[in-house]
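Novice: Here it is, the structure in full.
The values are calculated or read from the model by the stated rules, or taken from the named source; none is laboratory data. Because the structure is predicted, anything quoted here is derived from the model rather than measured. Cβ atoms come from the backbone with ideal geometry, glycine included; neighbour counts cover every protein chain shown. We work out accessible area using only protein heavy atoms, side chains counted, and drop any ligands, DNA or RNA first. Shrake-Rupley method; radii C 1.70, N 1.55, O 1.52, S 1.80 Å.
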Amino acid sequence: MAACYLNEYPWPTLPNEPLLLIPVGSTEQHGPHLPFSVDTMIATAVAARAGDRLADVHELKVVVAPAVEYGASGEHQAFPGTLSIGHAALRLVLIELVRSASSWTKKIVFINGHGGNVETMTEVTATMRSEGHSVSWVPCALETAKDAHAGFDETSVVLAIAPWVVRMDEALPGNTQPLGEILPLLQKQGLRPITESGVLGDPSRANSKIGERLLEELVTSVTNRVLRD
């Protein structure tokens, strides 16, 4: 039994009162070597693999929704191409999705691929639970992360998911300072004053083999958290 993908099946085939996984990403710059869709791509891939595992191994009725492709990405706004809807709009979108999906699901879990969405995720979950909805969110976050944005980790994972979208000849080091050191300036002024290329970390040695291992780490973490929550 595999997960059911909402954008591939007609409504009569959906399981009754399933667990619904909704990937949430962003449309923001990821340096000169990665596309704007990275966060959405990773959240979607993790949701799909975790959904299949929850269905196949744990025998849950799982439906995976199409991704929410826009998030709160104001810190990237100085880079052309970034499309951010901000916290207020994202909050409203997620709240209405929960209210809509609650009429036919047993539980809803957002799979978040963008760190800038965390504040909204936390608030939406609390608000919806106070209304009586069964909802939670889990991050696509690596415990062993080496860098913060468009660096070794993200580039490796994308090489495992969709290597044809990665321009490795443009994968050059950006700002390699620890995130804790640059976070105050990032929060005040955005990413551009910190890194001209938009990269935090060093993607130059990224590879798909490590990316597959990191992707498996993300899937395992998300699967375990969904079962625990």
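Novice: Count the net charge of all other residues whose Cβ sits under 11 Å from the Cβ of Met41, scoring Lys and Arg as +1 and Asp and Glu as -1.
Specialist: Combined, the nearby Lys, Arg, Asp and Glu give -3.
Novice: Oh, and also: Please list Thr155, Thr127 from largest to smallest accessible area, probe radius 1.4 Å, with all protein chains kept in place.
Specialist: The ordering from most to least exposed comes out as Thr127, Thr155.
Novice: Next question. To the nearest 0.05, how large is the calculated FRET efficiency for Gln177 and Ala89 if R₀ is 25 Å and r is the Cβ-Cβ distance?
Specialist: Numbers: r = 31 Å, r/R0 = 1.26.
E(calc), rounded to 0.05, equals 0.20.
Novice: Right, here's the next one. Ordering Ile111, Ile210 by accessible area with a probe of 1.4 Å, largest first, what comes out?
Specialist: Ile210, Ile111
Novice: Can you tell me the equivalent ellipsoid semi-axes for segment 119-229? Use √(5λ) from the Cα gyration tensor, largest first, whole Å.
Specialist: One finds semi-axes of 29, 21, 11 Å for segment 119-229.
Novice: 7 Å from Cα along Cα→Cβ at both Thr144 and Tyr9: what's the point-to-point distance in nm?
Specialist: According to this spin-label approximation, the distance is 3.4 nm.
Novice: In angstroms, what radius of gyration and Dmax does the chain have, counting Cα atoms only?
Specialist: 17.5, 53
Novice: Determine which aspartates and glutamates satisfy two conditions relative to Lys61: a Cα distance under 19 Å, and not lying fewer than 8 residues away in the same chain.
Specialist: Glu8, Glu17, Asp52, Asp229
Novice: Need one value: the accessible area of Leu92 in square angstrom, 1.4 angstrom probe, rounded to the nearest 10.
Specialist: Accessible surface of Leu92 is approximately 100 Å².
Novice: Can you list, largest first and rounded to whole Å, the semi-axes you get for segment 1-118 by taking the square root of 5 times each eigenvalue of its Cα gyration tensor?
Specialist: Working: eigenvalues 157, 51, 21 Å².
With the √(5λ) rule applied to segment 1-118, the semi-axes are 28, 16, 10 Å.
Novice: I'd like the accessible area for Asp229, computed on protein heavy atoms only with a 1.4 Å probe and all protein chains in place. Round to 10 Å², please.
Specialist: 80 Å²
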